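Before any comments, here is the structure.
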Amino acid sequence: MPEEQVITLGVPPASLPALLEHPLFAGARPAPRRTRAVWFDTAERELLRRGITLCVIGSGNRRVAHVAAPGAHPRSTAWHGAFDFSGMDKRALRTRLERARRAGLAPVIEAAAIVRRWPLRLADGATVTAELAEGELSAGDSAVPLCILRLRRGAADTGCPFAAAQRLCTDLPLEIEPATVPDRAIAIALERDRKPVKSRPSALRETDTLAQALRGIVDACVAQFRLNERTGLEAEDPEYVHQMRVAIRRLRSAVRAFAPVLAPDFADRFLPGLRALAGALGPARDWDVLHDELVLPVVRAHPEDARLSALAAEVARRREAARAGCRTALREGAHRLLLVDLLAHVHCEWPDAAAEPAAPLPDLCEFAVARLDALFRRVLKAARRAHADDIPALHRLRIMIKRLRYAIEFFAPLFPAKSQRRFLARMAQLQEDLGLLNDLANARPKLAQCAQETPAVAEGVAYAEGWYAPKLAEMLERLPAEVRTLSRLRPYWRR
């Protein structure tokens, strides 16, 4: 039986007619069906805040009640006007649910949609299932439109839904939709939709195959990017752009970490596009760091100095211009097809197109040990070449450490958590110092640009550079000792 695969795409309302006329949908007009889902909670959202969901799905007499909670088996029963908690397998959970019932359960979220389902036939004759939902999500006074296309390979299908997504995203301005309908509804109810999304802990299991591991890592990175992109396009919080860059760096690190088992042209096919996407985000992030983390601390230390206030205003102006450029690049949307192509490759083509397709993929744990060994050797090599007066070599060391750290996070569930935390903690101060050094190196040409193009802020630039000079000297003095600590680290993954 083929492995079930799913990808969800957001459909802009203006693109809906073109989607329905697309050749993949030609000749079929399935009957629409109405569906409704209602989530219940107390007035204080006591259950949703703990990740517990009570949901009734269906219409008329055909309704089903679903109860789900972290660490418990979900339970589904026919809906007869009240939830049945007797079958929940944890006593503490049943007690909490009954307490919530006594406090008063009421509808807090509703999703109402018209759903249509098609069997799609791809160019090679294989099939996938498409399900289009049009409707609205509402919670209290908040409501958002819902128009999503879910492509999946079910038990009777033989095709790859990611290949179908590739075709559709090539022809239409569709977007990867990483959040499920329940996740989006809960975010609206808890008013937390506008928070930057950080990378989540790795979901790897020791029983996973190497293919499952890479797919899970790539899926998580793409989801992190899209969740931040969707809200961050209009948000003022610079953390959205930062987390988008983190997601892309993690994707690039994953490609490098799995390079030995990928097709020879895989890196050439995807890394340039990912590098270009990171480059489009880079100026906005660099000006954010210069303003928030380098200039503002000097201003706060000397709030009465008009020269510094003028510098802060000039940097803020240039930051806004960089943000506008970032938003323009994201709206152009070239990267969206790149991300769909990447998902399609790891889900549909790989490992058939692997470096050695005739050989079986290695065991996940053995592969993780070998890759962590290789990345750690590169860190030690970069450390031997790093000197306090060689800024490019220190930058190279910073990059090698970051790649190792991302790989440690990818493979984290395979090794003892305590040993990992200890290993990373011993590199923490070095990473922090190398990061500040990189920020100062990036800031220097931008400050010089400000001084040259806006002479009125030249004195503020000179003062800010002088303010950081002793901090930089102190940091460069302690860096050699911090770098030497790397040679004393013991690879915990070999214990």
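The values are calculated or read from the model by the stated rules, or taken from the named source; none is laboratory data. Remember, predicted model here, so these are calculated numbers, not experimental data. Glycine also receives a Cβ, built like all others from the backbone with ideal geometry; neighbour counts cover every protein chain displayed. In case anyone asks, the SASA skips ligands and DNA or RNA and just uses the protein heavy atoms, side chains included. Shrake-Rupley method; radii C 1.70, N 1.55, O 1.52, S 1.80 Å.
So if I take the alpha carbon set of the stretch 1-92, get Rg, then get Rh from the Kirkwood formula, what is the Rg over Rh ratio?
In the stretch 1-92, Rg relative to Rh is 1.09.
Helix 91-103 versus the longest principal axis of the chain: what is the Cα-based angle in degrees, 0 to 90, to the nearest 10?
That helix lies at roughly 80 degrees to the long axis.
Relative to the present Cα-Cα distance, how much length would full extension add between Arg63 and Ala203 at 0.36 nm per residue of separation?
Additional length available on full extension: 47.2 nm.
For the stretch 385-495, I need the span (max minus min coordinate) of the C-alpha atoms along each principal axis, in Å, sorted largest to smallest.
For the stretch 385-495, the Cα spread along each principal axis is 59, 26, 22 Å.
Starting from the Kirkwood radius over alpha-carbon pairs of the stretch 223-265, derive D by Stokes-Einstein at 4 °C in a medium of 1.567 mPa s and give it in µm² s⁻¹.
Reported coefficient: 113 µm²/s.
Order the peptides 27-33, 322-328 from the highest to the lowest mean number of other Cβ atoms within 10 Å of their residues.
322-328, 27-33
Given DSSP loops and a limit of at most 12 other Cβ atoms within 10 Å, what is the longest stretch of the chain that contains no such GluC sites (Glu not before Pro)?
Answer - 305-495.
Take the alpha carbon gyration tensor of the stretch 147-258, find the square roots of its eigenvalues, order them as a ≥ b ≥ c, and report rounded if a/c is under 1.5; if not, report prolate when a/b exceeds b/c, else oblate.
oblate
Just the number please: accessible area per residue for the chain, 1.4 Å probe, all protein chains included, in Å².
49
Rounded if a/c is under 1.5, else prolate if a/b is larger than b/c, else oblate: which is the stretch 108-195, with a ≥ b ≥ c the root eigenvalues of its Cα gyration tensor?
prolate
Could you please state how large a percent of the accessible area of the stretch 39-163 is carbon and sulfur, counting protein chains only and using a 1.4 Å probe?
49
Grab the DSSP H runs of the chain that are 4 residues or longer, score each as -39,500 (n - 2.57), total them, divide by all residues and round the 222 nm result to the nearest 500 deg cm²/dmol.
Taking each H run of at least 4 residues, the total per residue is -17500 deg cm²/dmol.
Could you compute the net charge surrounding His22? Neighbours are other residues with a C-beta less than 14 Å from the C-beta of His22; K and R count +1, D and E count -1.
Taking every Cβ under 14 Å from that of His22, the sum is +2.
Considering the Cα trace of the chain, what is its radius of gyration and what is Dmax, both in angstroms?
Gyration radius and largest Cα-Cα distance of the chain: 26.0, 76 Å.
Taking θ as phi - 60°, what are the ³J(HN,Hα) couplings along the stretch 434-449 by the Karplus curve (6.51, -1.76, 1.60), each to the nearest whole Hz, with x for Gly and Pro?
Going residue by residue, I get 5, x, 5, 4, 5, 4, 5, 5, 5, 6, 4, x, 5, 5, 4, 4 Hz, with x marking Gly and Pro.
I need the shape label for the stretch 322-439. Rule: rounded when a/c is under 1.5, else prolate if a/b > b/c, else oblate, with a, b, c from the alpha carbon gyration tensor.
oblate
How would Arg215, Arg396 line up by accessible area, probe 1.4 Å, largest first?
Arg396, Arg215
Taking Cα atoms, how many degrees apart are the long axis of helix 364-385 and the longest axis of the chain, rounded to 10 and kept between 0 and 90?
20
Between Asp89 and Arg385, what is the spin-label point distance in nm, taking each point 7 Å from the Cα along the Cα→C-beta axis?
Calculated label separation equals 5.3 nm.
Give me the dipole magnitude in Debye, nearest 20, for the chain about the Cα centre, with unit charges on the beta carbon: positive for Lys and Arg, negative for Asp and Glu.
So the magnitude is around 1560 debye.
Find the cysteines in the chain that fail to meet the 4.7 Å Cβ criterion with every other cysteine, and list them.
Here Cys55, Cys147, Cys169, Cys221, Cys326, Cys365, Cys450 come out as lacking a disulfide-compatible partner, given the Cβ-Cβ threshold of under 4.7 Å.
Which percent of the accessible heavy-atom area of the stretch 381-487 goes to carbon and sulfur, probe 1.4 angstrom?
Answer for the stretch 381-487 is 55 percent, counting heavy atoms of protein chains only.
What is the spin-label model distance, in nm, from Ala456 to Glu21 if the labels are put 7 Å beyond Cα along the C-beta direction?
5.4
Calculate one ³J(HN,Hα) per residue across the stretch 110-126 by plugging θ = phi - 60° into the Karplus curve 6.51 cos²θ - 1.76 cosθ + 1.60, and present them in order as whole Hz with x for glycine and proline.
Per residue, the Karplus-derived 3J(HN,Hα) values read 9, 10, 10, 8, 9, 10, 10, 10, 10, x, 9, 10, 7, 4, 8, x, 6 Hz.
Dividing the convex hull volume of the alpha carbon atoms of the stretch 281-372 by its residue count, what do you get in Å³ per residue?
Considering the Cα atoms of the stretch 281-372, their hull volume per residue is 145 Å³.
Can you give the extra length, in nm with one decimal, that the chain gains between Ser419 and Arg377 once fully stretched, where that is 0.36 nm per residue apart less the Cα-Cα distance?
So the chain would gain 13.3 nm between Ser419 and Arg377.
What's the long-distance tail for the stretch 202-283, i.e. % of Cα pairs beyond 21 Å?
33
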